[in-house]
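J.: Would you mind keeping the following structure in view while I ask a few things?
The values are calculated or read from the model by the stated rules, or taken from the named source; none is laboratory data. Bear in mind the structure is a predicted one, so any value in this text is a computation, not a measurement. So basically every Cβ, Gly included, is an ideal-geometry build from the backbone, and we count neighbours across all protein chains shown. We work out accessible area using only protein heavy atoms, side chains counted, and drop any ligands, DNA or RNA first. Shrake-Rupley method; radii C 1.70, N 1.55, O 1.52, S 1.80 Å.
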Amino acid sequence: MSLLYPLMLVGASSLVIPVVIHLIARHRFPVQDFPSTWLLRSDERTNVFAPKLVDAGQLLLRLLVLALLVLAMARLFGSWVSSEPAPRNVVLVIDCSASMNMLASGPDGRRVPLVDLARKTARELLETVQPPGQCAVIAAGEEARLLCSLGPTTAPAVAALDTITGTDGSGHGLIRAIALGCELVRGRREICSQVVVLTDLRSSAFEVRNAYDLRRIELAQRAMGDALQLLLVDVSRGASDNIGIVRASLRGRPPRVGDDAHVVVRVANSTTKPAKASLRLTVGNERQPGSKSISLDPGTDAVVDVTTPVNRSLRSFAQAHLTTRDALPNDDIFRLPFEVADVQRVLIVHSGSPASSPSPASQPREAAPSGKAAPPEGDATLTGAAILRYVLNPGRELGRGYGTGITTTTIGAEALSAQPLSKYDLIVLYDVSSLPEPVLGDLESFVREGKSLLIVCSGGLNPIRFNRTIASGVGKRKPLSPAEIGNEQVFDPPIRIVLTANPHPVLAPFKDPLQGDLSVIRLARLREVRSTAEGASVVLRGSGGQPLGLEMPLGHGRVALLTFGFELDHGNLARSRIFPVLMWRMVDYLTGQLRTRVPDVLTALRPAVLDVSEPAFAFVEELELTRVDPLGPTALRLPIQKEKTVLLEGLPSGQYLLHKVAASSVPGQLFSYARCIAVNPDPCESDMKQTSEEELRPVLGSRVGVAKAEDIGRFVPRGGEAWRWIVLLLAIVYGLEGIIAWALSARREKRRSAGGAE
Amino acid sequence: MSAIPGMRFLDARILRSISRIEIKARLLVEGMYASRHRCPFYGYSVEFVDHREYTAGDEPRTIDWKMLARTERYYVKRFEMESNMNVVCLLDASASMGYPRADAGRLSKIEYGCYLAASLAYLAVRQQDSPGLVTFDRDVRDFIPPKQGQRQLYTILGKLEALSAAAETDLCHVLKALSQRLTRRGIVILLSDCYGEPERVTDGVRHMAARGHDVVVFQILDHDEIAFPFQALTSFRDLETGAQVMSDPLVQRRLYLERLDRFVRGVRGGCSQAGADYRLIKTTDPIEVVLRDYLLYRRARAR
């Protein structure tokens, strides 16, 4: 027996009121002026009104009426009143995380997802809710969603249950859903308010908790005491076996054509026994040959490197597939963007002078597309251009294939006019003093379209001719050099390269000497810089303040100038270990590949903000997100924020392309540029480790309980409120008191009449 | 609103009743006074004043036969001495006479006494007697010596108009003092509730009667004092002393009435022993009825 509203017992203090009225009430007697009061004799006892307790029986009855009223308002509840389920409030929290898609055997033996079992158990629970109890439904996935507020009927709650499906997201919103449920029933006055969480009790869902949500739970428990029951129902029917891919990523820098792409896959075994699985890779829609077999001990994970050669440029998706027998199919596949960059084509133009030309009989040399090495040169002169050519792709020069992903073509300046410039990514003018005006115009167009030009001023350069032609603008043509140069200077001792606190992006990694020590570089010969062009900036300086490198934007591209050559007698640059890395970075920088973007791999149903500042998305205000799925694409318009970002609300698992808004809505339309975005289920959902009641008590309070779905019946309280009996008794006592009061009044009146008659 | 102060105490209705009664009463009174005040000298006053019409009850020897022969109507002779009688009203103006308050819907005892005093003064003036007025509480407050004339009536009325009930009363002391001041024998009419010990009240009356005055005691009581109609528990506050007595009337009523009866009997008996006339008057009794009944009683007793 208990009281649903014990605070109403404060009303028992009103019992003192009738006693006060009966005992010590001070009547306000009328004062009557009277001339013959001396005949009344105040000393006589009968003249004095003595307060005394009169009609004790009536007083007791009135007290009993008040007491019954207080008891009725306090809502006495007893299990002896009824054997039916007691009116109670039920808030159902359904776990909709990815792990609830796991298949389990239902009561009829069929294998169904756990979320279906949870719905079935929820419906059974709703059948036991009696008015005035109310029920509500909350879906707990990545976030907590209130599907049905507390209401007196169960029909809306049942309808809300039918809308619940498993998702790809995590169960991080479970604690928040519990807090929301506790707040819904806080203050309710039924005998019991239950927050029933139908979940698979995986511990990862309870590891993400917010202090604010825990505080809400604590406040509700403190306010309601034993009236609030927090019950976690395990619908998983025991431990589950699961092997899943936790993560997959490309190792190293993005591969280039001819490279081997390494996809590193991490696989976790959260079962209780050893397991075997097979891992294979799919790039685009092509399954890659070969697969890897994995053996995992229980509770362990493994990192598997799956390698695949790439022979063509590609912008698509790669998928790591895990072939295994487990209950959760969602985590057996992991998607990631797969981009294979094309080789960087560099055209090295030398002046043809003995100082710069690689050899008097040099021919335009290109790397064979098949990657086969060209025969080595017989000329022993090692010019700066030759050194540059060697260092950009030493593997090719040594007959070992592509190597760095840079192909070089070396020509003399006189052959430049006959070269189609558009197929190159970078043109290097090595010691080229002058070029015909049409060629210069072609070079300007080349740069303005977004390509780059590197001018190396070594010992063979004629500064006067250079300044008159390349470094100066003619007509509408802008100067192609960031600076006018002067004579070559010799430095003894040689100068060093100065690394500032905010170095150029090319030099940024060398702040860590382990990445490369710039301090060992010595330069003995430099070209003097007489003036800089408008918009040019010095990006590299020597120890004496001499500008060593300048660059200048021109249209969509840029022009860079080095005031030193790579000849061996110009310093030790070409002999240093840092020289190749420096040159590769310079080529990456000038071809726009220095900054590599991290592949867009997102977690399902989790919001994300993407940077869309690449030039391909310039001059547009919104982008379109298309799902590339076997089910068919669905497009979503995304406005570009002021900071060149787009906000992605939680997306279900799948492969998406982010592109400019298509001119037509033809599905499968090819886009000139599209960014690949892969969305995968939350890897924490692959961990099948369950939590226990002991682990939950410190988090959710000591009153939390864990039960199996089949045992939930014992948590339904039975009984009822005794207000009907109390009201009946109240009516009887009140009537009795009224009858007695009437009888006493009549007797008193009769006495008065008799006294008056005398 | 009368221009002359106190004229309200000469209520037209009462005067009409008194006039009829006066005619009768006057005759009665005159007859009474004439019979009451038999001149110690044989015959009547030597100075003839005037005639007045004969009314039943007048002595035949006073009839002027010559006037009868002349006018064929009966007239009696009036002599100066028989109309020169003092009629002094002693009006109790203590606080107890102020009950009930003006909002009670009936006359207070002092107002009733004022009406009585005014009516008696009017009668006296019409009878060519000398009315006087004494108001008192614990001492004599106002003393208007008896005098003849209409102006005396106005003086008395003016004093009655300005009268208010206040202070305590000491009837015995006042009567004793007045018995010394009223040297000429006449009628002394006491208008009071006579509250006090009956022995002391009758002692004062006895003093007054012993001086040769014809004392008449009109004990004026209010209906509430006589019937004690109160029901609820009440705190009774004395009008003179201010003392309060909380009492349950339903319980106290019987005892109160017994004590009241004992008191009234005591006063009546004392007055009777002192040779004074006594009347218990309720303020709800019509004034003209009271006067008429008493005067008839006096006339009947005088025969």
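J.: Can you list the lysines whose alpha carbon is less than 23 Å from that of residue A:476, not counting same-chain residues fewer than 8 positions off?
T.: Leaving aside lysines fewer than 8 places away in the same chain, those within reach of residue A:476 are A:451.
J.: Straight-line reach from residue A:292: which aspartates and glutamates have Cα under 19 Å away, leaving out those fewer than 8 places along the same chain?
T.: Partners within reach: A:260, A:301, A:305, A:326, A:331, A:332.
J.: Provide the gained length on full extension for the span residue A:474 to residue A:222, in nm with one decimal, where the gain is 0.36 nm per separating residue minus the Cα-Cα distance. It would help to have the intermediate numbers written out before the result.
T.: Values: separation 252, 0.36 × 252 = 90.72 nm, distance 8.42 nm.
That pair, residue A:474 and residue A:222, stretches by 82.3 nm at full extension.
J.: Around residue A:690, which amide H atoms from residues at least 5 apart in sequence, or from another chain, sit under 5 Å from its own amide H, with H modelled in the peptide plane?
T.: Here A:203 satisfy the definition.
J.: Which whole-number percent gives the relative contact order of segment A:257-305, counting Cα pairs below 8 Å spaced six or more residues apart?
T.: On the way: 71 pairs, mean separation 24.0, N = 49.
Once normalised by length, the contact order is 49 percent.
J.: How much of the accessible area of the protein assembly as shown, probe 1.4 Å, is carbon plus sulfur, in whole percent? Don't skip to the answer; put the middle values down first.
T.: On the way: 27220 of 50660 Å².
Summing carbon and sulfur atoms, their accessible area is 54 percent of the total for the protein assembly as shown.
J.: Now for a different question. Rounded to the nearest 5, what % of DSSP beta bridges with both residues in the protein assembly as shown are antiparallel? Write down the numbers at each step before the final one.
T.: Numbers: 108 of 189 bridges.
Counting DSSP beta bridges with both partners in the protein assembly as shown, the antiparallel share is about 55 percent.
J.: If the cut-off is a Cα-Cα distance under 17 Å, which aspartates and glutamates reach residue B:159, setting aside same-chain residues fewer than 8 apart in sequence?
T.: B:11, B:92, B:111, B:137, B:139, B:142
J.: On average, how many beta carbons from a partner chain sit within 10 Å of the beta carbon of a residue in B:244-257? All intermediate terms of the calculation are to be shown ahead of the outcome.
T.: Working: counts 7, 11, 8, 12, 6, 4, 7, 6, 7, 3, 3, 6, 5, 2.
Mean partner shielding for this stretch: 6.
J.: Further, regarding this structure: When Cβ neighbours within 10 Å are restricted to other protein chains, what is their mean count per residue of peptide B:92-102? Don't skip to the answer; put the middle values down first.
T.: Values: counts 0, 0, 1, 2, 6, 1, 2, 5, 4, 1, 0.
For peptide B:92-102, the averaged partner shielding equals 2.
J.: Can I ask one more? When ranked by the protection proxy of mean other Cβ atoms within 10 Å per residue, highest first, what sequence do the peptides A:561-573, A:475-487, A:638-650, A:512-524 form?
T.: Values: A:561-573: 22.2, A:475-487: 19.3, A:638-650: 13.5, A:512-524: 15.5.
Highest-to-lowest ranking by the protection proxy: A:561-573, A:475-487, A:512-524, A:638-650.
J.: Rounded to the nearest 0.05, what FRET efficiency is calculated for residue B:257 and residue B:210 with R0 set to 30 Å and r the Cβ-Cβ distance? Show your work: numbers first, answer last.
T.: Numbers: r = 33 Å, r/R0 = 1.11.
Efficiency for this residue pair is about 0.35.
J.: A further question on this structure: On a 30 Å Cα-Cα criterion, which of the cross-link pairs A:423/A:478; A:120/A:276; B:109/B:147; A:120/A:689; A:478/A:642 come out too long? Provide the component values of the computation, followed by the final result.
T.: Working: A:423/A:478 23 Å; A:120/A:276 34 Å; B:109/B:147 26 Å; A:120/A:689 24 Å; A:478/A:642 32 Å.
Violating the 30 Å limit, Cα to Cα: A:120/A:276; A:478/A:642.
J.: I've got another one for you. Quick one: length gained pulling residue A:635 to residue A:1 fully straight, 0.36 nm per residue minus the C-alpha distance?
T.: Numbers: separation 634, 0.36 × 634 = 228.24 nm, distance 6.07 nm.
Value of the extension gain: 222.2 nm.
J.: So, one more: Packing-wise, with mean Cβ within 10 Å as the measure, how do B:182-190, A:530-538, B:101-109 rank, highest first? Show your work: numbers first, answer last.
T.: Working: B:182-190: 20.8, A:530-538: 15.3, B:101-109: 13.7.
In descending order of packing, they fall as B:182-190, A:530-538, B:101-109.
J.: Multiplying the sequence separation of residue A:323 and residue A:295 by 0.36 nm and subtracting their Cα-Cα distance, what value in nm do you get?
T.: Numbers: separation 28, 0.36 × 28 = 10.08 nm, distance 1.21 nm.
Working it through step by step, the gained length comes to 8.9 nm.
J.: Here's another thing I want to ask about it. Run the quick spin-label model on residue A:745 and residue B:233: label points 7 Å from Cα toward the beta carbon, then report their separation in nm to one decimal.
T.: Result for the modelled spin labels: 1.8 nm.
J.: If you find the alpha carbon centre of segment A:435-457 and of segment A:234-277, how far apart are they in angstrom?
T.: 49
J.: How shielded is B:236-243 by partner chains, expressed as the average number of their Cβ atoms within 10 Å of its Cβ atoms?
T.: Working: counts 13, 5, 8, 5, 3, 2, 2, 3.
What the average comes to for B:236-243 is 5.
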